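In what follows, a structure is listed as structure tokens, so that the remarks can point back to it.
The values are calculated or read from the model by the stated rules, or taken from the named source; none is laboratory data. Small disclaimer: the values here were computed from a predicted structure and weren't measured. Glycine gets a Cβ as well: all are built from the backbone with ideal geometry, and neighbour counts include every protein chain shown. When the accessible area is computed, the model is the full protein with side chains, heavy atoms only, and any ligands, DNA or RNA have been set aside. Shrake-Rupley method; radii C 1.70, N 1.55, O 1.52, S 1.80 Å.
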Amino acid sequence: MNKRNTQQRRHLIVSQLQQQGELSVEQLAVQFNTSEVTIRKDLTVLDQAGLLLRRYGGAVPVPQDFVSDSSLEKVSKRKLAIAKAAAGLIKDHYRIIIDSGRTTAALLPELAGKRGLVVMTNSLAIANTLRELENEPTLLMTGGTWDPQSEAFQGQLAEQMLRNYDFDQLFIGADGIDLARGTTTYNELYSLSRVMAEVAREVIVMLESDKLGRKIHNLELPWAMVKVLITDEGLSVADAKQIEQQGVKVIRVQA
């Protein structure tokens, strides 16, 4: 299989893993007539997406006690659907920022078909996954001070690094939505998010609808800074219209 079939190969790996229970890197490399390095990249990306668990020399399925929980399974499907819609907005050779977070991390497997991307992130986990993609986008790190709460780099050094560049798009999550104000966060360190939004031509917020109505005082991004909100159909049509009145395009995906 060549690079154009990367997504098909990864879907087959997940399907086969569910049937057999465990697969080795060596076995998969022979089966797909590709290198073990390529298979390791596949497994890393699929692990980040929550579709399998990496083990030394191979992979195993996600434990049954996790996948049998219908609510968690639905959340995972929502993230993947949101990520797919977000990836559809990215063009080859775009310069993008991907903020830390589980929902934004779900975007990474969808980048495999993009060419010439420049990606900046403040997340070590996202950076490590980007390095495993076959198309190898140019990777930039913000640097800064490590914040264990957000599991990302924050602070003035990170902000200064961002201001040295300009970007086409920012992909960012949120802890909550305030219909009147914008996106909200539990984290007191949200100034970096504002800088990310300032240096990007388009700000795309990715989050699941169950975050609507959470009472969080910290306003992360006011609607005036947001171009697109991608969420699922759990966001009502009425609430979507209220957000759109703020000048934000709302995309509701079906999970």
So, in the range 164-176, of the ones that are within 20 Å of Val205 (Cα to Cα) and free of Cβ contacts under 8 Å to residues at least 60 places away in the same chain, which residue ends up surrounded by the most Cβ atoms within 10 Å (Cβ to Cβ)? Ala174
All-but-one check, Arg252 against (1) at pLDDT 95 or above; (2) out of contact with any Leu (no Cβ under 7 Å at 6 or more places or on another chain); (3) open to solvent by 50 Å² or more (accessible area, probe 1.4 Å); (4) under 23 Å from Ile90 (Cβ atoms), failing number (2)
Please go through the range 215-225 and pick out each residue that is open to solvent by 10 Å² or more (accessible area, probe 1.4 Å), among the aliphatic types (A, V, I, L, M) and not in a helix (DSSP H, G or I). Ile216, Leu219
Filter the range 137-163 down to the residues that are touching a Phe, Trp or Tyr at 6+ places or on another chain (Cβ under 7 Å) and in a loop (DSSP other than H, G, I, E, B), then identify the one that is least open to solvent (accessible area, probe 1.4 Å). Thr142
Given the range 1-119, what strands (runs of 3 or more DSSP E) lie entirely inside it while holding 2 or more residues that are assigned by the TED database to the domain that holds Val195 and at pLDDT 95 or above? 95-98
Restricted to the range 124-136, and to residues that are at negative phi and open to solvent by 20 Å² or more (accessible area, probe 1.4 Å), which residue is nearest to the chain's Cα centre (by Cα)? Ala125
Has the range 143-154 got at least one residue that is of a type in the set (Val, Ile, Thr) and closer than 25 Å to Leu111 by Cβ? no
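Here's the yes/no breakdown for (1) of a type in the set (Phe, Trp, Tyr); (2) closer than 25 Å to Val45 by Cα:
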residue	(1), (2)
Glu132	no, yes
Tyr165	yes, no
Asp168	no, yes
Thr183	no, no
Ala224	no, no
Asp239	no, no
